[in-house]
Amino acid sequence: MKANGQPPRWATRFLQWYCRPRLLEDLEGDLFEYFERNVKHKGLRRARIIYAIDVIKFLRPYTIRKIEFFNLFVHWIMIGSYLKTSRRSLVRNKLFSLINIIGLAVSMSVGLLVIAVITDLNAYDDFHQGRDRIYRVITTFRNADQPPMELASTSVKAGKKILETVAGPQKVTIFRQGFSGDARVGNATFPLEAIWADNSFLKVFTFPMLKGDIATALEEPYSLVLSEKTARKMFGEADPIGKPVMFDTTSYMVRGVVKDLPKLSHIRFEMLISFATIEAQQEEKTNFYNWDNVWSNYVYVLMPEHSELAPVESALAKISKQESAALKDKAVSISLKPMLGSVLGGKLSNNVGPAISPLVTWVLSGLAFVIILSACFNYTNLSVARSLRRSREVGIRKIIGARKSHVLGQFMAESVIIAMLALVFSFGLFLFLKKEFLALDPHISDLLSLDLSFKTILYFIALACLVGLAAGFLPALFFSRINALLVMKDASNLKLFRRVGMRKALIVIQYTLSLFFIAATLVGYSQYKGLLRFDLGFETENIVNIRLQGNKPEVLAKEFAEIPAVKEISRSLMITSLGSYHGSTLKYGLDSNNVWINLVDEHYLPLHNHKLLAGTNFKLKPEKGKESEAIVNEQVLKRFNIAKRNPEKALGKVITVDGQPLTIVGVIKDFHYGTLESKIEPVMFRYSANEPSGFLNVKIASNDLPGTLETLETAWRKVDKVHPMKAKFYDDQIEEAYSQFSVMVKVIGFVAFLAICIASLGLFGMVVFTTETKLKEISIRKVLGASEGGLVYLLCEGFLILLIISALIAIPATYFFFDKIVLENFPYHQPIDMLELLAGVLVVMFLAFLMIGSQTVKAARNNPAKVLKSE
């Protein structure tokens, strides 16, 4: 057997567990014969696999042993005994039980929060009846000079082609984002946002219709379907069906009302406008139906039950190949992706609703796992440390007949009971954490509700059971293997006391993780503050950006200019350095590429103090929309090699943007158009037409900034009595642009706080236990002349060495992690300061000295006569 190998031990034990005794010997012998034969002909590895499969295959009704009710009755009696013994142990060891319960409760509260977050994210769109049969048509957009982009949006033509030529889908719907306007009903005006949707929209998605006919509600042009809340806001309790709604000079008719949308829906709207409306408004020469117009349209298909996706995917690939053949220097292909999980859609751009990276859930889960693992380490450490006291208890139980499984069950039951008690406290902490977590950022509260459901509560209970089993497994395994006779004779002969490496290793791991999280928090905070202080290449201080919301910019500018605190006013299509982008194709000679653009007026550059390297500001206002001038940054000269990158010589050069020739009249110093996560790219300023879109940039000089904002709002209300003024300071907008970093720092900081608290609790328990077990040794040493300082050092030495080892591991690991992995992708990151790495060590050392010193000094000051009087 040794020569030929043995079958898997677990499979043999499984067979012995389920097989009837009268069949076991024959069945086991036959399987072993087959195993030896397979070893000779097929090799040991395959023979072992076949043996395991055969064991499972014989799990049949005639081979399964009958349940013996007497044994079952005894088993339930034993469970009662486990519970009683566990309760007594908890009461007898109050301090250690409290440390374990608090540690597990704190760690499990984070686990409960992560469970609630992941449950919410996976519950998105569950209310749709055909949710598992609805697929998004996604687009892969390839440009000649750029990496491919994966988009959640696609072209209208793609939807039409699928509807006309692909036989597989049961329903196909096309909708489009981007509608916003003021709806007028009588004398009342209501700002609304909507999506254009075709007549199949309400047949693919389950948005229950409260009023109207679902078959025809979105069939005719200029038809509306309102949400319940919007209908009540516009018409009160009156029936809105058939009532007109005015947008500018166009009348729309209300054809239906749908029930208010659940929060966990990735498609959100206040109103639906029939897709036939926007089709009727298109001119023949627009690019509305172009194959590469993929930025604002969305196509979803509903597949029949038990249908195959392969034929549909093949048809989509064929359509993509045919249509892309007509495109120049680009290719557009389409494919299917399930709707479920769209919120965790990965790197898809242009999502129709909220979306986050799956990495976020993995990071949150990893942090929760680390915190729970740390609490489990505490439990294991304290349980094993108390083994001297409990080993005799286990020895007596074994002598009077307890089996290894009974001892194992007792200690596992004890750990599960502690975990269940911790669950009660952790639920209270969860309710607190839930509120604080949702308040971290408006995007989080918009994305999640974290409401409890029956499924979530079951997950909570399952987590508590798993944590209890994980925490108690090693102690239970250790106690179940104790030799009863050896322990009763001399408990100090236990192997554990000769090899305490496991306990030391757990302490080192705990503190290494704690130090890592503290250092990560400090480094992350430093990087975040560095992003906010970074020189963007222009000024943002005391600049208020006010969204126009359809108002004429010159009218608002006139009102604002009368306020004494307002010094300068400019106009821009967008606010740069916040992560928003607007691009066009620039051509110079035979070279063409994408450049980022902002439309501004002649006041924009001086207001933001952009530095002109050559040339002048805009001199000629476009007449009737005809532009003639452009201002570019240095990167444009480098990318297109204009005038050999010389700013002075580049003046007067003609570039073509979207087919329109423009003359370079100025070159400005490079600045950050996007966020600091990306490098500086080619940017061009064009002169803004006098349109009611974009922003007014207002520079103020005042010691009372809130009061000045109120004055601006008063001036706004003179022009616009419908829309509330949407104004933010530029610096506040930049801070919001990096809010995800702020949230990350806060989360990691909170985890660091929990990690150090849990580790400190465990260390405190170990110190208390160590000092209790060494009281007599301390007293003898004191009688023999040892000083209190020497005794404190003797007791502290081992723990301090472990903390130093943790620091020596954590500091280089943290530096390497940030320098070579995290910050490698941030071209403008701050250098890592060693003080940031050492500060955590100093904090941890201080807390450790506090806990170790308080207990060891107390032990060292005990009266030896009282301790040794019974010796």
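The values are calculated or read from the model by the stated rules, or taken from the named source; none is laboratory data. Quantities reported herein were computed from a predicted structural model and do not represent experimental measurements. When we count neighbours, we look across all protein chains shown, and the Cβ atoms used for this are built from the backbone with ideal geometry, even at glycine.
Given the structure, is SER89 surrounded by 10 or more Cβ atoms within 10 Å (Cβ to Cβ), at pLDDT below 90 and in a helix (DSSP H, G or I)? Yes, satisfied. Entry remark, the stretch 660-687: residues being modelled with pLDDT of 90 or more and polar (S, T, N, Q) number 1 in total. For the stretch 260-295, taking the residues that are among the hydrophobic types (A, V, I, L, M, F, W, C) and free of Cβ contacts under 8 Å to residues at least 60 places away in the same chain, the one that is surrounded by the fewest Cβ atoms within 10 Å (Cβ to Cβ) is identified as ALA280. For TYR673, are the conditions met, namely being within 38 Å of the chain's Cα centre (by Cα) and either buried (at least 16 other Cβ atoms within 10 Å of the Cβ) or not assigned by TED's automatic domain parsing to the domain that holds GLN635 (or both)? In short, yes.
Restricting ARG131, ARG65, ARG60 to those that are in contact with a helix residue (DSSP H, G or I) (Cβ under 9 Å, 6 or more places away or on another chain), modelled with pLDDT of 80 or more and either basic (Lys, Arg) or closer than 30 Å to THR361 by Cβ (or both) reduces the list to ARG65.
Determine whether SER405 is at pLDDT below 90 and more than 30 Å from GLU735 (Cβ to Cβ). Considered against the rule, which asks whether it is at pLDDT below 90 and more than 30 Å from GLU735 (Cβ to Cβ), SER405 comes out as yes. Looking only at the stretch 230-252, residues that are more than 16 Å from GLY181 (Cβ to Cβ) and either touching a strand residue (DSSP E or B) at 6+ places or on another chain (Cβ under 8 Å) or of a type in the set (Asp, Glu) (or both) come to 8 in all. Every listed requirement among (1) farther than 30 Å from ASP182 by Cβ; (2) touching a residue at least 12 places away in the same chain (Cβ under 8 Å); (3) not in a loop (DSSP other than H, G, I, E, B); (4) not aliphatic (A, V, I, L, M) is met by LYS679 save one, (3). Within the stretch 433-460, restricting attention to residues that are part of a helix (DSSP H, G or I) and free of Cβ contacts under 8 Å to residues at least 24 places away in the same chain, the residue that is surrounded by the fewest Cβ atoms within 10 Å (Cβ to Cβ) is PHE454. For the stretch 568-579, taking the residues that are touching a Gly at 6+ places or on another chain (Cβ under 8 Å) and small (Gly, Ala, Ser), the one that is farthest from ARG533 (Cα to Cα) is identified as SER572. Taking every residue in the stretch 360-377 that is farther than 17 Å from GLY749 by Cβ and touching a residue at least 60 places away in the same chain (Cβ under 8 Å) and pairing it with any residue that is acidic (Asp, Glu) and part of a helix (DSSP H, G or I), at least 6 positions away or on another chain, yields no pair with a Cβ-Cβ distance below 9 Å.
For the stretch 627-644, taking the residues that are basic (Lys, Arg) and surrounded by fewer than 16 Cβ atoms within 10 Å (Cβ to Cβ), the one that is nearest to ILE680 (Cα to Cα) is identified as LYS638. Residue pairs whose Cβ atoms lie under 7 Å apart, separated by 6 or more positions or on different chains, with the first residue in the stretch 306-324 and closer than 14 Å to LYS157 by Cα and the second at pLDDT below 95 and assigned to a loop (DSSP other than H, G, I, E, B), are GLU323/TRP291. Give me the pairs, please: first residue somewhere in the stretch 509-529 and at positive phi, second residue anywhere and in a helix (DSSP H, G or I), beta-carbon distance under 6 Å, and either six or more positions apart or on two chains. Taking only residues 6 or more apart or on different chains, not a single pair turns up. Using the structure shown, decide if TYR298 is in contact (Cβ under 8 Å) with a residue 60 or more places away in the chain, in the same structural domain as VAL156 (by TED's automatic domain parsing), over 33 Å from the mean Cα position of the chain (by Cα) and closer than 24 Å to ALA194 by Cα. No. Can you find a residue that is modelled with pLDDT of 90 or more and buried (at least 22 other Cβ atoms within 10 Å of the Cβ) anywhere in the stretch 475-484? Looking through the stretch 475-484, none of the residues is modelled with pLDDT of 90 or more and buried (at least 22 other Cβ atoms within 10 Å of the Cβ). Residues of the stretch 1-51 that are under 17 Å from PRO61 (Cα atoms) and in contact (Cβ under 8 Å) with a residue 40 or more places away in the chain: PHE14, LEU15, TYR18, CYS19, ARG20, PRO21, LEU23. Per the listing ILE804, ILE852, the residue uniquely over 26 Å from the mean Cα position of the chain (by Cα) and without any contact (Cβ under 8 Å) to a residue 40 or more places away in the chain is ILE804. Total residues in the stretch 134-153 satisfying the condition of being of a type in the set (Phe, Trp, Tyr) and modelled with pLDDT of 95 or more: the figure is 1. Quick check on the stretch 822-839. Is at least one of its residues out of contact with any Gly (no Cβ under 8 Å at 6 or more places or on another chain) and under 30 Å from THR771 (Cα atoms)? Yes - at least one qualifying residue is present in the stretch 822-839. Candidates are the residues of the stretch 303-349 that are out of contact with any Lys or Arg (no Cβ under 8 Å at 6 or more places or on another chain), part of a helix (DSSP H, G or I) and of a type in the set (A, V, I, L, M, F, W, C); the one that is surrounded by the fewest Cβ atoms within 10 Å (Cβ to Cβ) is ALA310.
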